[in-house]
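**Student:** Sharing a structure, written as structure tokens. Questions coming.
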């Protein structure tokens, strides 16, 4: 039996990490996120530097919803104008005249839009839903544990993805997050419902 399990594990690993596997491409794409020489990583770091400057311009109230897209080009041009060493000129060539419509970090984009209070409020919503779901997971009937556990997993996955992407600005991913937050927040009532 142990030999059969080991053989299945080896075959599964080969299928997941094989040369032409979509999972291998996904692993490679994830690894590029941390490669400072990769073009998209350099763009992302430049966007984050610009966003931090925007946040510093209005840390308490933010600049309003959708302001990242509106302020990106003017902030980059201001940096180019005020840069005698030419540091931002090299960064500007990464974009080739294009605008970054999103920050590739939902938390930074949220701070640009709503300031630190907006980020703290969003973090509170995430954490309170996760805490409520986690507490309910222990006392829920077995058939509901899968639902609550799935909600918790979805919130955690999307919260992690939001560090390097913008799932809150994609309708399908955003809808999954809000439904999962609802499941986690409602979990105490679900766990106490008589069966």
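Only the coordinates and a few stated rules stand behind these numbers; no lab work does. Remember, predicted model here, so these are calculated numbers, not experimental data. Note that we place each Cβ from the backbone using ideal geometry, even for glycine, and neighbour counts take in every protein chain shown.
**Student:** At R0 = 35 Å, how high is the FRET efficiency between residue 153 and residue 101 if r is their beta carbon distance? Nearest 0.05 is fine.
**Tutor:** On the way: r = 29 Å, r/R0 = 0.82.
The computed FRET efficiency comes out at 0.75.
**Student:** Can I ask one more? Could you work out the percent of alpha carbon pairs in region 40-130 separated by over 23 Å, rounded to a whole number?
**Tutor:** Working: 1071 of 4095 pairs.
Pairs farther apart than 23 Å: 26 percent.
**Student:** Can I ask one more? Could you order the peptides 73-84, 103-114 from most to least packed, using the average number of other C-beta atoms within 10 Å per residue? Provide the component values of the computation, followed by the final result.
**Tutor:** Values: 73-84: 13.2, 103-114: 23.4.
Ranked by mean Cβ neighbours within 10 Å, highest first: 103-114, 73-84.
**Student:** Quick one: if you stick a label point 7 Å off each Cα along the C-beta vector at residue 82 and residue 186, how many nm between them?
**Tutor:** 4.9
**Student:** Expressed in nm to one decimal, what extension gain is obtained for the pair residue 124 and residue 161 from 0.36 nm per residue of sequence separation less their Cα-Cα distance? Don't skip to the answer; put the middle values down first.
**Tutor:** Working: separation 37, 0.36 × 37 = 13.32 nm, distance 1.77 nm.
Extending this stretch completely gives an extra 11.5 nm.
**Student:** Further question on the same structure: Taking N as the number of residues in region 107-190, what is its alpha-carbon radius of gyration divided by 2.2 N^0.38 Å? Don't jump to the answer; show the numbers that get you there.
**Tutor:** Values: Rg = 13.3 Å, N = 84, 2.2 N^0.38 = 11.8 Å.
Against the compact-globule rule of thumb, the ratio is 1.12.
**Student:** Below 8 Å between Cα atoms, with a sequence gap of 6+, how large is the relative contact order for region 51-132 in percent? List each step's numbers first, then the result.
**Tutor:** Working: 75 pairs, mean separation 39.2, N = 82.
This gives 48 percent for region 51-132.
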